[in-house]
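The values are calculated or read from the model by the stated rules, or taken from the named source; none is laboratory data. Here the structure is a predicted model, which means the values were calculated and not measured. We place every Cβ from the backbone using ideal geometry, glycine too, and count neighbours over all the protein chains shown. Just the protein is used for accessible areas: all its heavy atoms, side chains included, with ligands, DNA and RNA removed. Shrake-Rupley method; radii C 1.70, N 1.55, O 1.52, S 1.80 Å.
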Amino acid sequence: MTDALLGPEPTGRPTWGMWVSDHPQLVLGSVLVLLVVVTGIIEPRYLTFSGLRNTVLLAAPLGIMAGAQTILMLTGGIDLSVGMIATAAAYVAANQSPSGAAIAITAGLLVGVAAGTVNGIGVGLFRVNPLIMTLAMSAILLGLFTALSFTVLQGSTTVGRLISTLGGGSFLGNRIPYNALVWGGVSLLVIYGLRRTGLGRLLYAVGDNPTAVRLAGVRLWQVHLAAYAIAGLLAALAGILLAGRTGAVDLQLGVNFVLPSVAAAVIGGTSIFGGIGTYSGTIFGALILGVLATMMTFLDAGQAIQQIVYGSILLGLAWLYARVTSSS
Amino acid sequence: MTERTPLVELRDIRVAFGGVHAVDGVTVDLFPGEVVALVGGNGAGKSTLIKTLSGAHPADSGEIFVDGNPVTITSPIDAKRLGIETIYQTLALADNIDAPGNVFLGRELRTRFGSLDDSAMEAATRKVMARLNPKFRNFKAAVRSLSGGQRQSVAIGRAVHFNARILIMDEPTAALGPAETAQVGGLIRQLKEEGLGIFLISHDIHDVFDLSDRISVMLTGKLVGTVNKEEVTKDDVLGMIIMGKLPGQISKSELEELHT
């Protein structure tokens, strides 16, 4: 009998691309440290607790939104409505703030779950393309909340003290932002969920081979529904933290986060084609974008320049990953 | 023939796509410990017929009996509940997940706390692989990195672990080299000895004669006939596949045509 069934041993010497794909966290960590150092050279005051704290403060809501994006990208989907879901959740949370923080936060999160569930029904049951479904959801939410802001939601547009503290406050001598604590908790849950739960495994499997998952007897729509609902919840949480940081809400609150949330996941190595990626990579991605944003603030670059930089990074990385994965 | 109850019987199955009758009133059956080969050219309807049993595409009309009892199969879940497992030509594996993950795909084992019980799944996979393919060792690698034969053993391992009684194999050796094909052949004989009933869909007439007990031939959606392997020659079966004629109905000149 031959050894044919054992399959070929990995052949050839390791390429640069293979090394990168085997040690993604190491590479991302190096890039992060390099960016921090460069920013410190541009502005020496950055390398202090308060300087670094501001980066984390910036990165936390983005990182949570990018968590939503990571979960969906693993299934081969995407959520272009994260920005508007975040805005809508923040709006409702602000409006309910006079009733107390618990009610405000719960109401905001429910808005996110509801919008995410509708996305999931569209994608999972009616097979709407995720790009179209979430783009439409984004437009509908914008229209809806523009109308509501003149009527039902006319009340408070500021958030209560607890939400302000969670979103913008710090502890341990003003060194560690509370939103980093929230982000940390979310990170543990998302990483655990992706690695150690049945749903997590199915998210990866659906992204790689939906037919195999369906033939294995899984109802695909349930997986999509769960993924989009969780993504809606995460986007809503990010929106509430954002509102806490800015103190007040408006309909532009989350719109500039859509592209960066995709960028953070892509920088962290999550494939837009599904099946490949980790949330730990995305955390690095969000931190890298946070440092970049700080750096551009020091360089006095406006929002316009930042968007151009994000777009360019995204294109550059998409090209790079395509090269790396095709050569290995 | 004895009056045993067939393990599974498909009776007068019809499936149409638009106006095309992909399967047109086909009846086949399968006994425990038996391999029935389904053969026919491209578009003969073998895969469509078998999809009505695996739940991948329900029949428009017709009846399915398991152990003599009428059953309704409208999804892969229904089929699995009845002990019907399918090995697809495309293998239907999630390439980014390891062998135990694929064996238990959609039926993951959980710990008391609800998290994935990876060690239990690996142990069960090792156990089933020890039976099927003792040389299999890559339990931690994504199945993308495995050879065709190894991937095939993972797909079969999935069926065997869940105590399949009826196994459907759709071109199980189409993507394999000669040594791996021999291995899969050995597997089929072993499963047959254990009392499973196997529907084998194949293009390869040699495989069919090597492995099957009976041969059901389809042509353009209809059943040409079912024959005992021992009673026919390869030429007889080729005549059925190509001309749709039973052994004995083929004239000498037609037989010569087959060989040109």
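Listed by position, the helices (runs of 4 or more DSSP H) contained in the stretch B:42-142 that have at least 3 residues being open to solvent by 30 Å² or more (accessible area, probe 1.4 Å) are B:76-81, B:118-132. Taking the stretch A:124-217 and the helices (runs of 4 or more DSSP H) fully enclosed by it, the elements with 2 or more residues that are within 14 Å of chain B (Cβ to nearest Cβ), among the small types (Gly, Ala, Ser) and without any contact (Cβ under 8 Å) to a residue 12 or more places away in the chain are at A:198-208. Within the stretch A:241-265, the residues that satisfy the criterion of being open to solvent by 10 Å² or more (accessible area, probe 1.4 Å) and assigned to a helix (DSSP H, G or I) are A:ARG245, A:THR246, A:VAL255, A:ASN256, A:PHE257, A:VAL258, A:LEU259, A:VAL262. If you go through the stretch B:86-102 and keep only what is facing chain A (nearest Cβ under 10 Å) and of a type in the set (A, V, I, L, M), you end up with B:LEU91, B:ALA92, B:LEU93, B:ALA94, B:ILE97. Counting the residues of the stretch B:16-32 that are in contact (Cβ under 8 Å) with a residue 60 or more places away in the chain, in contact with an Asp or Glu (Cβ under 7 Å, 6 or more places away or on another chain) and not hydroxyl-bearing (Ser, Thr, Tyr) gives 1. A single member of A:THR158, A:THR134 is among the polar types (S, T, N, Q), out of contact with any Lys or Arg (no Cβ under 9 Å at 6 or more places or on another chain) and surrounded by 18 or more Cβ atoms within 10 Å (Cβ to Cβ), and it is A:THR134. Test B:GLY244 against the stated conditions and say whether it is under 25 Å from B:PRO6 (Cβ atoms) and more than 15 Å from the chain's Cα centre (by Cα). Yes: the conditions hold for B:GLY244.
B:ASP117 passes every criterion in (1) over 22 Å from B:VAL160 (Cα atoms); (2) more than 22 Å from the chain's Cα centre (by Cα); (3) within 12 Å of chain A (Cβ to nearest Cβ); (4) not hydrophobic (A, V, I, L, M, F, W, C) apart from (1). Of the listed requirements (1) open to solvent by 20 Å² or more (accessible area, probe 1.4 Å); (2) part of a helix (DSSP H, G or I), A:ALA227 misses just one: (1). When B:ILE156 is tested against (1) more than 10 Å from chain A (Cβ to nearest Cβ); (2) over 17 Å from B:ILE168 (Cβ atoms); (3) modelled with pLDDT under 90; (4) part of a helix (DSSP H, G or I), just one condition goes unmet, and that condition is (2).
Here are some residues: B:GLY244, B:GLY185. Which one is within 13 Å of B:VAL39 (Cβ to Cβ), open to solvent by less than 50 Å² (accessible area, probe 1.4 Å) and of a type outside the set (A, V, I, L, M)? Give the steps one after another, and end with the answer.
Details: B:GLY185 fails: within 13 Å of B:VAL39 (Cβ to Cβ).
Testing whether each residue is within 13 Å of B:VAL39 (Cβ to Cβ), open to solvent by less than 50 Å² (accessible area, probe 1.4 Å) and of a type outside the set (A, V, I, L, M) leaves just B:GLY244.
Here B:PHE136 meets each of (1) free of Cβ contacts under 8 Å to residues at least 40 places away in the same chain; (2) among the hydrophobic types (A, V, I, L, M, F, W, C); (3) more than 10 Å from chain A (Cβ to nearest Cβ) with one exception, condition (3).
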